[in-house]
Amino acid sequence: MATILNIETATKNCSVSISIDGEIIALKEFNDGNYSHAEVLHSFIIDIVKEANIRLNDLDAIAVSKGPGSYTGLRIGVSAAKGFCFALEKPLIAVDTLTSLAHAISIEEGIIIPLLDARRMEVYAAIFDNKYQQIREISAEIIDESSFSEYLNHQKVYFLGDGALKCKEIIKHENAFFIDAVDPSSKEIGKLAFEKYQKSDFENVAYFEPFYLKDFIVIPEKKKNFIS
């Protein structure tokens, strides 16, 4: 039996859960439209450990969403996960954010395209078939009217995630279906983390870093003009 703490902070949704053999037994998440992870993440973890009626030492592993996503959000989640791994001497499991997001829906036919909002008209995207097999690698791309047309022209395409809103405004194909209000959540991490746990697919806690996909860009402040 594997008891795993799952942490998801790649977007504005701060989500933590406890799973046993892939089944969620406790969950707490919060999305107020801001990145409030630093304020609530550790208190959420304490709350769900109590809700699950376990001790931290009862955990068998810590799983974390590895990205892509918000630079700050990923740093907070990964830092917390690594801290618990070091303190409790537990293994670290990293789950791809877009893969777990794809598992938030199920379809009988067509493909699933989870999208995470990036800058301006850009999104982070991956493509999965109806069995959750990844058929195109993760990429950052600019959205326009012809985006994903090679898939839309042949089958139904289901878009979800906070990046889907950009696509909904531009992509008007009859095969495009948009699933609203679906964020990456630790609910989906539980099953995927258990699969990795069974294969001992663990990360090196000391050297693991989030998958940012793109470099973090700091926008400098404009210089102020002072009148003497």
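Read-outs throughout are calculated quantities, based only on the coordinates presented, and are distinct from any laboratory measurement. Please read these numbers as outputs of a predicted model, since none were measured by experiment. Reconstructed Cβ throughout: ideal geometry from the backbone, glycine too, with neighbour counts over all protein chains shown.
Could you check what % of the DSSP bridge pairs in the chain are antiparallel, to the nearest 5?
Details: 25 of 41 bridges.
Close to 60 percent.
Could you list Arg120, Arg136 in order of exposure, starting from the residue whose Cβ has the fewest other Cβ atoms within 10 Å? List each step's numbers first, then the result.
Working: Arg120 9, Arg136 14.
Ordered from fewest to most neighbouring Cβ atoms within 10 Å, Arg120, Arg136 come out as Arg120, Arg136.
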- [ ] Pop a pseudo-label 7 angstrom from the Cα along the beta-carbon direction at both Ala206 and Ala181 and give the gap in nm to one decimal.
- [x] 4.7
Task: Order of Met1, Met121 - criterion: other Cβ atoms within 10 Å of each residue's Cβ, fewest first - done: Met1, Met121
Task: In nm, spacing of pseudo-spin labels at Asp144 and Lys131 (7 Å Cα→C-beta vector) - done: 3.5
Task: Net charge over other residues, Cβ less than 11 angstrom from the Cβ of Met121 (K, R count +1; D, E count -1) - done: -2
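If you take the square roots of the eigenvalues of the alpha-carbon gyration tensor of the chain and sort them as a ≥ b ≥ c, do you get rounded (a/c under 1.5), prolate (a/b over b/c) or oblate? Walk me through the intermediate numbers first.
Values: a/c = 2.02, a/b = 1.21, b/c = 1.68.
Oblate, since a/c reaches 1.5 and b/c is not below a/b.
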- [ ] Measure out, as a whole number of angstrom, how far apart the alpha-carbon centroids of the range 10-49 and the range 65-127 sit.
- [x] 13
Open item on the list: Need one number: nm distance between label points at His154 and Arg120, each 7 Å from Cα along Cα→Cβ, rounded to one decimal.
Closed with: 3.1
Open item on the list: For Ile142, Ile48, which order do you get if you count the other beta carbons within 10 Å of each Cβ and list the fewest first?
Closed with: Ile142, Ile48
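Lys and Arg at +1, Asp and Glu at -1: add these up for the other residues within a Cβ distance under 14 Å of Val182 and post the number.
-4
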Open item on the list: What is the sum of charges, Lys and Arg at +1 and Asp and Glu at -1, for the other residues whose Cβ falls under 11 Å from the Cβ of Gln155?
Closed with: -2
